[in-house]
1. Could you check residue 90 against (1) modelled with pLDDT under 95; (2) in contact with a strand residue (DSSP E or B) (Cβ under 7 Å, 6 or more places away or on another chain); (3) closer than 30 Å to residue 184 by Cβ and say which number it fails?
2. Please work out which one of (1) in contact with a Ser or Thr (Cβ under 7 Å, 6 or more places away or on another chain); (2) more than 12 Å from residue 55 (Cβ to Cβ) is the condition residue 128 fails and give its number.
3. Please state which of the following conditions residue 10 fails to meet, knowing it meets all the rest: (1) in contact with a strand residue (DSSP E or B) (Cβ under 9 Å, 6 or more places away or on another chain); (2) open to solvent by 70 Å² or more (accessible area, probe 1.4 Å).
4. So which of 40, 58, 106 ends up being open to solvent by 70 Å² or more (accessible area, probe 1.4 Å) and farther than 21 Å from residue 164 by Cβ?
5. So residue 188 ticks every box in (1) surrounded by 15 or more Cβ atoms within 10 Å (Cβ to Cβ); (2) touching a Lys or Arg at 6+ places or on another chain (Cβ under 9 Å); (3) touching a residue at least 40 places away in the same chain (Cβ under 8 Å) but one. Which box is left unticked?
6. For the stretch 124-181, which fully contained strands (runs of 3 or more DSSP E) count at least 1 residues that are open to solvent by 10 Å² or more (accessible area, probe 1.4 Å) and β-branched (Val, Ile, Thr)?
Amino acid sequence: MAEDFPLPDDLPAPEDDGAADHLQGMEMPDVSLPATDGTTVNLQDLPPRTVIYVYPLTGRPDKDVIPEGWEDVPGARGCTPESRGFRSHYDELVDNGVGEVFGLSTQTTGYQREARDRLHLPFEMLSDAEWELASELELPAFTIQGDEYLKRLTLVVSDGRIEHVFYPIFPPDEHASEVLEWVRENPR
């Protein structure tokens, strides 16, 4: 099946390089990003307890977009399995007080819309193609073949502030379960 992208057993795990240590407690900036449903989302006006999972790049079955050496970059591979995990746990997250879930990358909204539709995601993706949020929050990034990508991390935002940061994330296909467990252990 085209949607099934199992992760290899020898995938390199990312290490905590401290690049996200500054995020917890920060106020969300006054940045508005386009969503895959055609709306614009102001990140200061998020519903209480919003989960934003940041990922570097989703592949597409119809295009070869993954850079050479991608699997050798710790934490790069696994965006589709991670998104499928959030799809699987979406209702449970909402039932446990999460007002909204968003995926976020620097890919265009059109590119993200294809992934949202193909993966049957019950939530929207946000495009930071202009690197506005990434710059404001100084989100960790990496470069491969001259192109820059955001490192995988997840923000739990409550009342306009970053309440919790998951970083680094590994393995990505099990991350949504980790977020759900944290939400259950930290009710609002």
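The values are calculated or read from the model by the stated rules, or taken from the named source; none is laboratory data. The model shown is predicted, which means the values in this text are computed figures rather than measured ones. Positions of Cβ are backbone-derived with ideal geometry, glycine not excepted, and every protein chain shown enters the neighbour counts. In case anyone asks, the SASA skips ligands and DNA or RNA and just uses the protein heavy atoms, side chains included. Shrake-Rupley method; radii C 1.70, N 1.55, O 1.52, S 1.80 Å.
1. (1)
2. (2)
3. (1)
4. That would be 40, the only listed residue that is open to solvent by 70 Å² or more (accessible area, probe 1.4 Å) and farther than 21 Å from residue 164 by Cβ.
5. (1)
6. Passing ranges, in order: 141-144, 161-166.
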